[in-house]
1. Amide H of residue 125: which non-local residues (sequence gap of 5 or more, or other chain) have their own amide H closer than 5 Å, using H built in the peptide plane?
2. To test your reading of the geometry: what angle, between 0 and 90 degrees and rounded to tens, separates the Cα axis of helix 79-88 from the longest principal axis of the chain?
3. I need the per residue convex hull volume for region 103-171, using only the alpha carbons, in cubic angstrom as a whole number.
4. Given the -39500 (n - 2.57) contribution per DSSP H run of 4+ residues, what per-residue ellipticity at 222 nm results for the chain, rounded to the nearest 500 deg cm²/dmol?
5. Rounded to whole Å and ordered largest first, report the semi-axes of the equivalent ellipsoid of region 194-330 derived from its Cα gyration tensor (root of 5λ).
6. Suppose a student asked you for the relative contact order of the chain, using Cα pairs under 8 Å spaced at least 6 residues apart; what percent would you report?
7. Could you tell me the convex hull volume per residue, in Å³, taken over the Cα atoms of region 68-141?
8. Determine the distance separating the Cα centre of region 168-217 from the Cα centre of region 327-348; give it in Å without decimals.
Amino acid sequence: MNKFDVVVIGAGAAGLFCAAEAGKRGRSVAVLDHAKKIGRKILMSGGGRCNFTNMYATHENYLCTNPHFCKSALSRYTQWDFISLVAEHGIAYHEKTLGQLFCDDSAADIVNLLVSECSKANVTITTRCEIQSVAKTESGFALSTSMGDYECESLVIATGGLSLPKLGATPFGYKIAEQFGIRVLPTRAGLVPFTLHEKDKEILAELSGVAIDTYASCNGTTFRENTLFTHRGLSGPAMLQISSFWHPGDTLHINAAPTFDVAESLAEAQLKNPDSLITTWLAKHFPKRVAATFCELNNWENKPVKQLNSREVSAIANFFEDWQIQPNGTEGYRTAEVTLGGVDTDELSSKTMMSKKVEQLFFIGEVVDVTGWLGGYNFQWAWSSGWAAAQYV
Ligand SMILES: Cc1cc2nc3c(=O)[nH]c(=O)nc-3n(C[C@H](O)[C@H](O)[C@H](O)COP(=O)(O)OP(=O)(O)OC[C@H]3O[C@@H](n4cnc5c(N)ncnc54)[C@H](O)[C@@H]3O)c2cc1C
């Protein structure tokens, strides 16, 4: 029998950080993970450089059924606390854009930071450990695993969401919640590329690899970032961001001309270069391939701009300023960065992350119905929620 004060299930960002912080409080802590390697999502995050936090993170950068829930943890362990820890470990980092902080060298620096913090705090980490059952006992919890039985006073569930099943994602955390009568809200893939209906896909596939500056809007939320055309559909930061706000059947609104007034620019072309073709005018503002494809998409005849009447000018302006496209779906958990939904925050204390129903059962990180925008916010939630639980396990 392995006896610990605290068992954390899941050796990802939230689980490892929580374990280290609990260990520092003098608690004996074991982290169990079924995967071969710890922190696999961290290693592949941010294109291998891990966007480990965001300088401007606030509760407003998160989707949650209760928008106030994440305030407490985020304000008690902030991005500045984690940035100090990164600096203490001598990890070089830089801001890429919009407050997003990335390692200069490698995401492995963040995994090494977590391993070193865990080892300072005498945390035991066991990989390839299948959890067979979890039961409540009088003094805490009893676990039966492929590596033997465990007993603990506090149990922390940090098994993440459903995205990237190839990296070891499972619905384990949701099942444990349900086993203890804790509500789980419906889940869906977030920060994920869109797939398109056949007709749009065929035309837009021509643009595969091209990115354009856009405003992307859906259900009252707008992001100003790049949209990337792919051979499957639409991706890039603007599309990933807006995907978290999109539901099947919704239409996306894309402003593909955020930096200039289309009608004004066309009127100027009519005056100064009346014989130039629509595609020539378009090519001034967009990559060449975009000009031809957008003409095809809209069945615009490629005629000299002087032949455009005011109805046609406003149709062109409307298209660029409010291009409406209805995706046929998303690429789903196979490529999603996060899972929306999860353990209902009404079931947890926002201060401790402990279940209101089951004493000393904690849920942290992505398994909880708190999902950050793209840009380092999800790791910050892992650190903040992990730290909050670590003070009470
Ligand atoms: C490709 C990609 C890139 C990303 N880039 C960024 C980024 O740059 N910045 C950012 O903020 N966020 C990023 N994210 C999101 C971020 O990785 C997650 O939000 C974060 O890892 C969640 O941490 P977590 O500890 O809750 O879960 P995870 O990191 O997913 O860890 C869960 C752990 O639980 C283990 N586990 C699962 N099921 C079981 C089970 N049944 N038994 C035992 N163990 C189990 C898993 O093996 C895993 O080790 C990215 C995600 C992906 C997929």
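1. 31
2. 70
3. On the way: hull volume 8.7 nm³, N = 69.
Dividing the Cα hull volume of region 103-171 by its residues yields 126 Å³.
4. Details: 13 runs with 125 residues, N = 393.
One gets -9000 deg cm²/dmol as the mean residue ellipticity at 222 nm.
5. On the way: eigenvalues 144, 46, 32 Å².
Whole-Å semi-axes of the equivalent ellipsoid: 27, 15, 13.
6. Values: 886 pairs, mean separation 98.0, N = 393.
Worked out over the chain, it gives 25 percent.
7. On the way: hull volume 14.1 nm³, N = 74.
In region 68-141, the Cα hull volume divided by residue count equals 191 Å³.
8. Answer, in whole Å: 7.
Read-outs throughout are calculated quantities, based only on the coordinates presented, and are distinct from any laboratory measurement. Keep in mind the model is a prediction, meaning the values are calculated, not measured. Note: ideal-geometry Cβ built from the backbone for every residue, glycine included; neighbour counts use all protein chains shown.
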